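Structure first, then comments.
The values are calculated or read from the model by the stated rules, or taken from the named source; none is laboratory data. The structure displayed is predicted, hence computed values, not measured ones. Because the Cβ atoms are built from the backbone with ideal geometry, glycine has one as well, and the counts that use them run over all protein chains shown. To get the accessible areas, we keep the full protein, side chains included, count just its heavy atoms, and leave off ligands, DNA and RNA. Shrake-Rupley method; radii C 1.70, N 1.55, O 1.52, S 1.80 Å.
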There are 2 protein chains.
Amino acid sequence: MATQDLANAIRFLAIDAIVRAGEGHQGVPLGMAEIATALYTRHLKYDAADPTWPDRDRVVLSNGHGSMLLYALLHLMGVERMGIDQVQTFRDFGSRCEGHPERDIASGIEVTTGPLGQGIANALGMAVAEAWLNARYGDAIYRHHTYAFVGDGCLQEGIGQEMISLAGHLKLGRLILLWDDNQITDDGSTALSISEDVAARCRVAGWHVVEVDGHDLEAVSAALAEAKADPRPSLLACRTTIAKGIARLQGQRGGHSGKLFPEDAQAARELLGWPHPAFHIPPEVLAPWREAGARHAAERAAWQQRVAALPAAQRHEFERLLTGALPEGWQEALLRYKREAPAREPLPSGIFISGEIGDVLGDLMPERLVACADLEAPTNHKRRLAAFTAEDRRGAYVHCGVREHVMGAMANGLAAHGGVVPLAVTYLAFSDYERPAMRMAALMGLPVKFVFSHDSIGIGKNGPTHQPVEILASLRAMPNMLVLRPADAVEAAECWAIALAQTATPATLVFARQTLPHVRRVHTDANLSARGAYVLREGEGGQRQVTLLATGSEVLLALQARERLQAQGIATAVVSMPSWELFEAESSDYRASVLGPAGGVRVGCEAAVRLGWDRWLGERGGFVGMRSFGASGPADVLYRHFGITAEAIEAEALRLLKS
Amino acid sequence: MATQDLANAIRFLAIDAIVRAGEGHQGVPLGMAEIATALYTRHLKYDAADPTWPDRDRVVLSNGHGSMLLYALLHLMGVERMGIDQVQTFRDFGSRCEGHPERDIASGIEVTTGPLGQGIANALGMAVAEAWLNARYGDAIYRHHTYAFVGDGCLQEGIGQEMISLAGHLKLGRLILLWDDNQITDDGSTALSISEDVAARCRVAGWHVVEVDGHDLEAVSAALAEAKADPRPSLLACRTTIAKGIARLQGQRGGHSGKLFPEDAQAARELLGWPHPAFHIPPEVLAPWREAGARHAAERAAWQQRVAALPAAQRHEFERLLTGALPEGWQEALLRYKREAPAREPLPSGIFISGEIGDVLGDLMPERLVACADLEAPTNHKRRLAAFTAEDRRGAYVHCGVREHVMGAMANGLAAHGGVVPLAVTYLAFSDYERPAMRMAALMGLPVKFVFSHDSIGIGKNGPTHQPVEILASLRAMPNMLVLRPADAVEAAECWAIALAQTATPATLVFARQTLPHVRRVHTDANLSARGAYVLREGEGGQRQVTLLATGSEVLLALQARERLQAQGIATAVVSMPSWELFEAESSDYRASVLGPAGGVRVGCEAAVRLGWDRWLGERGGFVGMRSFGASGPADVLYRHFGITAEAIEAEALRLLKS
């Protein structure tokens, strides 16, 4: 068996799967077959018998369209859930070999990729998690590499550039990118859209770069050894031929994803000397692959013994972190905060509350890693934390610079890696910059906490660029994203309890910049926010006539409007709605009891656009909120200017009562 | 008068305005005062008497938080709408001196800035527009520079890095960045988050870099001269001291936006030798500033004469482009397309329709500039266009590379510049990558056309990363963004007619990847889509019992469901809703006539989430759509799997009729 056959096994699994599926992206698996073979058979710390081994090397296919590369590798290594039946159903509905890789660790897929640049930013997060765990538990317990396959597109994307810059700054030496330098993108030659020397750009950012022939398996292997020995993050700039093996397409634009036909598969078999039928890997080729998949079995067993031999307290913590379990006492700590909050003077701002709860959690959860995009002071989440730096990996606060996008995707990588609980913090208006990463978190079901301050026109004079009005709606539109907007410190503690308990859903926690007076003054151990919406004050003096619904800083306005309506003898309830998603998940009976009778008067109030509110307001409902972007001016002036006041809520209720 | 006083005039306008406002960002105006003075008094082609002069040099304040720098400059130059009354009301509600600059060309503000990185990407677009117009009309008619003030944050942002890479590739020699290299960001030292040599990074990207002392006005002026002479885009790396002049804060973290007190203003007066009262610029300082503001008056007059002397046809076109008027015959061309479309065989895909209409418009509108993020073939908008390249500026198609964010912001810059009609094209799933730029377009009211293909699970096997489900809702949430999702080729032509006629609102045009069979077979000259929603087929056989509402590719399913319901004797109307915003703007009577009687049965259908639909469905309404992200598989399988079928619409209507 020639070594080359190991790489060709990848090629033909990819070709056969793509021909059968009728579509696919052959460029990557054919172009990176030797690179992947060098990595997997000679360097990767991986035991195919347990793709979930915590100290395994991580591999991310950032050029996710080349998914057949990953599927072929996992199948060849012997991952049980990636049997040939999966490869043979590539791109069929229900196959684990989906169009792009979808996170499924048991099958060996670390993260979902496809939108370019996300994967290498995830890899950055994995490398940060690994470095932090390594610093906490030592080389014997935690030390692995993080590899990512990457194409030109990932490196053109802004998020990719942010990743290059930040990884270089943080000197993440066990992070290694394998760049498929094939000089082709979807449009054709990379010369259409880029002139710079990518290797030089990475060197400027402090990377170790090795330029190598990507089809020379021995050279790639030597370069990998060099990369592993270097203290800087490494880029293997692998010069490759896209779609190598398909004579009709290789090295050309059509190599990327031009349709493959059975004749192409046959021609490739002749060109590469592969006489085997479709989907058949001969034993003499499969055996060394399976050996590669099993060669770290002993190391995994030894690692398990080293973990078992840790001092009890350390082992307990390590195992807790790996399983993602919350520390003992976390609920009590939040309950204590909730009990004491209503007595607090002076009244706290949303940001202050957010930071205070951060302290409560941080004291219990060393694994809470906070990433922030250059807004340390105004978002108030560094506080007692030390910085995670190139020199000291024990810190739990990552200064991300003004790079929101990589921050979000890094947080995804932290969560995907495991062992840490990531927060990503910035202003709500800038959530759009990290939105593609938030979408990936939702799609993967990663329990990242996306924390935002400055949640409305309440930020005042910095003006409309910094004032979210549409962003709550845009996040509520996202499947599997839990959006939480607490009205005061008590709800904030409840919302944090909800967010922490989520293990398969990211949470967005949104805080006002301005003061949030206490609206929940009577303590109850029950987490009222957990039902999504609840009656904060019932109507008095007869059957409820009006229901006022509000979130966050506008709950106070609803309470004030209620006083005005009650003074006129109108029984008015106030409903606080910290989370629509949770309320939607309640029974229709509960929802009806909160919303009040159908046909009753309901008025919603939120310093944001109406979109989505009609779900709760019904056909006759009124709404007090924003109809446009904001403006520059003091917060109180803006609230009046845009008509978001207790008086406006009252007027809307009265109008509807009369209509 | 010392030259230094010219710079200090900026400083004290900024200090006095910020002290009065009680907040602001002094770091930029105090740190860049000499740089700005060198640019404005010695290099800038600008006539303060007419800030709208088309051939003026453009200046973008990309570090928008330093807004007082721009306001001070415009006031000093003598822009009428920037009187001292405006400066004295900085950050008050209603002042033109808002917290961040808001686009207002008559006042000299070219673009809204604040979210970092957007401004320099806008400047890239302006430089592209200028280069294209220069190529078309020659140096005598169109040739100016584009300058941008830029801070560390803009250059850390991914969009900033995309801009650096693309501008270097396109060799935009008349684009000059003035970098405020003060080594401080909001968190403190830039060393917290970046290690790379920014100048070297720009050199790698093909930029001309001059490193200069930013407080040496003569040196900056010389560097500007050098930059203007160089054929590459230039970065002036200006080493500066943040907040220079405030001894207590300068060169420190607090210099960025730490609160300024009257004592600071007094101390600065003593330090800098500025004995003048607050907001007072002595005549001997104001006079040279006003001279600078007027020194291109003759050039502007000469330019007007050169334009007047152009051959009539050329002058007519040039003036049409500058005013943004549409060419004669554009409506007729779209009408012709609309008339012929229903006969087309084979049935066209959404992408094919989108490209075809592109040809119709492109033939009439040479000013239509198309930017695309490396998806030329699958989005189908290059077609007859030549590429805009470093070597040939006559092309109207910009290969942006895999850089959606800078593409969107570049398109904003093209529109803000004027003279061209920009389209930005990619897959709808990737709109999140350019969303921050789309928000800026909406906020500025720029008539950019954001064109998207691959609009739903209909894309099939590429899977959920590539399948929008929440994105229509997220875009409908955005104020001042017109979202258009045509159902077939006829509606597509109508939607394009609507989008083209918009001059103060961006439009999002969304196309299916899959085939869009003709649902509008009877020609009418009237633009039915212009009302946002309309009755496509009325119920037959009695009063309407059921109203089916749908958009885009789902309109066909609604028509099929209607057949099934009508066959059971249920009078069923189908409403096509290409644009919710336009429908919302109609009279309530019209809306009621389309939606059918209150309490009647309505079922919405869209291959997307429900959020927002309740506005149209009422309390009893039903909805057939997505409740989760998509999946990988053939489109028809996915539609069935997720229950988006004519049968499901029928079943929902029957269920509601019985309830």
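Tabulated values for the structure
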{"read-out": "Segment B:78-97 residues that are farther than 16 Å from B:I281 by Cα, paired with ones that are open to solvent by 50 Å² or more (accessible area, probe 1.4 Å) and not in a loop (DSSP other than H, G, I, E, B) (beta carbon under 8 Å, 6 or more apart)", "value": "B:F90/B:R20; B:F93/A:H641; B:R96/B:R81"}
{"read-out": "Failed item, numbered, when A:V421 is tested on (1) β-branched (V, I, T); (2) open to solvent by 10 Å² or more (accessible area, probe 1.4 Å); (3) facing chain B (nearest Cβ under 10 Å)", "value": "(3)"}
{"read-out": "Residue within segment A:434-445 that is within 20 Å of A:R58 (Cα to Cα), in a strand (DSSP E or B) and not assigned by TED's automatic domain parsing to the domain that holds A:P101 present", "value": "no"}
{"read-out": "All positions within segment B:4-44 that are within 31 Å of the chain's Cα centre (by Cα) and among the polar types (S, T, N, Q)", "value": "B:Q26, B:T37, B:T41"}
{"read-out": "Among (1) under 28 Å from A:M478 (Cα atoms); (2) assigned to a loop (DSSP other than H, G, I, E, B); (3) within 14 Å of another protein chain (Cβ to nearest Cβ) - the single one B:A504 does not satisfy", "value": "(1)"}
{"read-out": "Members of segment A:57-69 found to be within 22 Å of A:R174 (Cα to Cα) and either open to solvent by less than 10 Å² (accessible area, probe 1.4 Å) or of a type in the set (D, E) (or both), listed by number", "value": "A:D57, A:R58, A:V60, A:L61, A:S62, A:N63, A:G64"}
{"read-out": "Selection within segment A:610-624 - within 23 Å of B:F623 (Cβ to Cβ) and either more than 9 Å from chain B (Cβ to nearest Cβ) or in a loop (DSSP other than H, G, I, E, B) (or both)", "value": "A:R610, A:L611, A:G612, A:W613, A:G618, A:E619, A:R620, A:G621, A:G622, A:F623"}
{"read-out": "Unique residue being open to solvent by 10 Å² or more (accessible area, probe 1.4 Å) and closer than 23 Å to A:A411 by Cα when the list is A:Y137, A:Y142", "value": "A:Y137"}
{"read-out": "B:F352, sole failed condition from (1) assigned to a helix (DSSP H, G or I); (2) more than 29 Å from B:L428 (Cα to Cα); (3) not small (G, A, S)", "value": "(2)"}
{"read-out": "Residue within segment A:45-55 that is assigned to a helix (DSSP H, G or I), within 30 Å of the chain's Cα centre (by Cα) and not basic (K, R) present", "value": "no"}
{"read-out": "Any hit, segment B:454-473, residues being more than 8 Å from every other protein chain (Cβ to nearest Cβ), assigned to a helix (DSSP H, G or I), more than 30 Å from A:A21 (Cβ to Cβ) and in contact (Cβ under 8 Å) with a residue 24 or more places away in the chain", "value": "no"}
{"read-out": "Any chance B:R91 is part of a loop (DSSP other than H, G, I, E, B), open to solvent by less than 10 Å² (accessible area, probe 1.4 Å) and within 14 Å of chain A (Cβ to nearest Cβ)", "value": "yes"}
{"read-out": "Which numbered condition A:I649 fails, given (1) of a type in the set (V, I, T); (2) surrounded by fewer than 19 Cβ atoms within 10 Å (Cβ to Cβ); (3) more than 14 Å from chain B (Cβ to nearest Cβ)", "value": "(2)"}
{"read-out": "Criterion violated by B:E102 - all others in (1) more than 21 Å from the chain's Cα centre (by Cα); (2) open to solvent by 10 Å² or more (accessible area, probe 1.4 Å); (3) within 9 Å of chain A (Cβ to nearest Cβ) satisfied", "value": "(1)"}
{"read-out": "Top-ranked residue in segment B:108-130 [being within 14 Å of another protein chain (Cβ to nearest Cβ) and either part of a helix (DSSP H, G or I) or at pLDDT below 95 (or both); ranked as farthest from the chain's Cα centre (by Cα)]", "value": "B:V128"}
{"read-out": "Selection count where residues are surrounded by fewer than 19 Cβ atoms within 10 Å (Cβ to Cβ), among the small types (G, A, S) and touching a residue at least 60 places away in the same chain (Cβ under 8 Å), scope segment B:331-348", "value": "0"}
{"read-out": "Count of segment B:594-623 residues which are over 31 Å from the mean Cα position of the chain (by Cα) and more than 14 Å from B:M577 (Cβ to Cβ)", "value": "9"}
{"read-out": "In segment B:212-233, residue least open to solvent (accessible area, probe 1.4 Å) [restricted to those that are in contact (Cβ under 8 Å) with a residue 24 or more places away in the chain, under 28 Å from A:S193 (Cβ atoms) and more than 14 Å from chain A (Cβ to nearest Cβ)]", "value": "B:A227"}
{"read-out": "Test result for B:L484, open to solvent by less than 10 Å² (accessible area, probe 1.4 Å) and over 19 Å from B:V360 (Cα atoms)", "value": "no"}
{"read-out": "Residue match in segment B:440-461 (condition: under 26 Å from B:G329 (Cα atoms) and in contact with an Asp or Glu (Cβ under 7 Å, 6 or more places away or on another chain))", "value": "no"}
{"read-out": "Condition met for B:G630 (over 21 Å from B:T572 (Cα atoms), touching a residue at least 12 places away in the same chain (Cβ under 8 Å) and either aliphatic (A, V, I, L, M) or out of contact with any Asp or Glu (no Cβ under 6 Å at 6 or more places or on another chain) (or both))", "value": "yes"}
{"read-out": "When residues of segment A:166-184 are limited to those that are open to solvent by 10 Å² or more (accessible area, probe 1.4 Å) and farther than 24 Å from A:A38 by Cβ, the one nearest to the other protein chains (Cβ to nearest Cβ)", "value": "A:H169"}
{"read-out": "One residue from B:S588, B:S553 being of a type in the set (S, T, N, Q), out of contact with any strand residue (DSSP E or B) (no Cβ under 9 Å at 6 or more places or on another chain) and open to solvent by 10 Å² or more (accessible area, probe 1.4 Å)", "value": "B:S588"}
{"read-out": "Failed condition for B:W303, given (1) crowded, with 17+ Cβ neighbours inside 10 Å; (2) in contact with a helix residue (DSSP H, G or I) (Cβ under 9 Å, 6 or more places away or on another chain)", "value": "(2)"}
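Residues checked against (1) open to solvent by 50 Å² or more (accessible area, probe 1.4 Å); (2) within 29 Å of B:L375 (Cβ to Cβ):
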{"site": "B:I498", "(1), (2)": "no, yes"}
{"site": "B:T505", "(1), (2)": "no, yes"}
{"site": "B:Q543", "(1), (2)": "yes, no"}
{"site": "B:Q566", "(1), (2)": "no, no"}
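Residues are listed down the side, and each one gets a yes or a no for (1) outside any loop (DSSP other than H, G, I, E, B); (2) among the aliphatic types (A, V, I, L, M); (3) within 26 Å of B:E319 (Cα to Cα):
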residue: B:L361; (1), (2), (3): yes, yes, yes
residue: B:P366; (1), (2), (3): no, no, yes
residue: B:A371; (1), (2), (3): yes, yes, yes
residue: B:R383; (1), (2), (3): no, no, no
residue: B:G401; (1), (2), (3): no, no, no
residue: B:A409; (1), (2), (3): yes, yes, yes
residue: B:A424; (1), (2), (3): yes, yes, yes
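Residues checked against (1) over 12 Å from the mean Cα position of the chain (by Cα); (2) within 13 Å of chain B (Cβ to nearest Cβ); (3) open to solvent by 10 Å² or more (accessible area, probe 1.4 Å):
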site: A:L369; (1), (2), (3): yes, no, no
site: A:N380; (1), (2), (3): yes, yes, yes
site: A:R394; (1), (2), (3): yes, no, yes
site: A:G401; (1), (2), (3): yes, yes, no
site: A:A411; (1), (2), (3): no, no, no
site: A:A416; (1), (2), (3): no, no, no
site: A:T426; (1), (2), (3): yes, yes, no
site: A:D432; (1), (2), (3): yes, yes, no
site: A:K449; (1), (2), (3): no, no, no
